[in-house]
Amino acid sequence: MACRGLRPEHGGPPELFYDQNEAQKYMRNSRMIDVQTKMTGRALELLDLPDEKPCFLLDIGCGTGLSGDYLSEEGHYWVGIDISLAMLDAALDREAQGDLLLGDMGQGIPFKPGSFDGCISISAVQWLCNANKKSDIPAKRLYCFFSSLYSVLVRGARAVLQLYPENSEQLELITTQAIRAGFTGGVVVDYPNSAKAKKFYLCLFSGPSTFLPKGLHEIKEEEEAKESTFTNRRVQNRVARRGLVRKTREWVLEKKERRRRQGKEVRPDTQYTGRKRKPYF
């Protein structure tokens, strides 16, 4: 169950590990982007949200906003929280559509009760199992996190947390504190027989107990064979994939409407909105 080599959380607190260099990797490493996107897709599938209904979701450990991009593509609204200022700066540079918050999940989720229709988290929760200072007690930080998460979800909502547990004892510690906070559910393991593709998803229910989804078992060979590639090109954002070309009138109108939904002050639309201006020499 343990990852090969030195685990990132053994090297120090996450706000130091996820510096500007790490943030650049999440923006340029095509394999990391692909893996993050696929895990987000799987987490969203396990959330089992209503069809054709936009939901308001919480992304814990949102990083550079890759997970949020996928949520936006699926028509959902989201708020991301992360402890790394460098990762959040990268998310702003990428024009992530969600609202971003700098914070430590181990100190609780600072939102009103019943604020979110669901929650996802990619590769973040295991960081709470390590004490980076004398006052850090993993069990207490986990309970503070899960109890506040339980509060901010609407009753009956789900939280799907993808994580990399170091061993079975660490996984038990996490699940025990989640159940103590009021959640039901359990762990879904995808590709349990694959050394590279094996993934753990903690599926938590904030309402009555329901069936636990089954893990995936088949994996395509070409997915195992993919290698990391780096590029200096900026990652295309989701509006381009929806058919909107950057800087066009449609793109500008969509961006202004998104900012209005976020409660931000935006200039009125006119016949000149998005107009291309001739260059001056």
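Computed quantities for the displayed model
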{"quantity": "Wholly within the stretch 87-197, strands (runs of 3 or more DSSP E) carrying at least 1 residues that are within 30 Å of ARG260 (Cβ to Cβ) and in contact with a helix residue (DSSP H, G or I) (Cβ under 8 Å, 6 or more places away or on another chain)", "calculated": "99-102, 116-122, 153-163"}
{"quantity": "Number of the exception - LEU92 against (1) open to solvent by 20 Å² or more (accessible area, probe 1.4 Å); (2) in contact (Cβ under 8 Å) with a residue 12 or more places away in the chain; (3) over 23 Å from LEU142 (Cβ atoms)", "calculated": "(2)"}
{"quantity": "Any hit, the stretch 180-196, residues being modelled with pLDDT of 90 or more, among the β-branched types (Val, Ile, Thr), out of contact with any Ser or Thr (no Cβ under 7 Å at 6 or more places or on another chain) and closer than 23 Å to TYR150 by Cα", "calculated": "yes"}
{"quantity": "All helices (runs of 4 or more DSSP H) inside the stretch 11-52 with 2 or more residues being at negative phi, modelled with pLDDT under 90 and open to solvent by 80 Å² or more (accessible area, probe 1.4 Å)", "calculated": "14-17, 20-28"}
{"quantity": "Search result, residues across the stretch 156-187 that are more than 22 Å from ALA139 (Cα to Cα) and surrounded by fewer than 20 Cβ atoms within 10 Å (Cβ to Cβ)", "calculated": "GLY156"}
{"quantity": "Residues that are within 21 Å of VAL152 (Cα to Cα), touching a residue at least 40 places away in the same chain (Cβ under 8 Å) and not in a loop (DSSP other than H, G, I, E, B), drawn from the stretch 53-77", "calculated": "PHE56, LEU57, LEU58, ASP59, ILE60, SER67, LEU71, SER72, TYR77"}
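One line per residue, one yes/no per condition, for (1) of a type in the set (A, V, I, L, M); (2) modelled with pLDDT under 80:
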{"residue": "SER206", "(1), (2)": "no, no"}
{"residue": "LEU216", "(1), (2)": "yes, no"}
{"residue": "THR231", "(1), (2)": "no, yes"}
{"residue": "ARG241", "(1), (2)": "no, yes"}
{"residue": "LYS255", "(1), (2)": "no, yes"}
{"residue": "GLU265", "(1), (2)": "no, yes"}
{"residue": "PRO268", "(1), (2)": "no, no"}
{"residue": "PHE281", "(1), (2)": "no, yes"}
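The values are calculated or read from the model by the stated rules, or taken from the named source; none is laboratory data. What you see is a predicted model, and the numbers here were worked out from it, not measured in a lab. Every residue, glycine as well, gets a Cβ built from its backbone with ideal geometry; the counts of neighbours run over all protein chains shown. Protein only, heavy atoms only, side chains kept; ligands, DNA and RNA dropped before computing areas. Shrake-Rupley method; radii C 1.70, N 1.55, O 1.52, S 1.80 Å.
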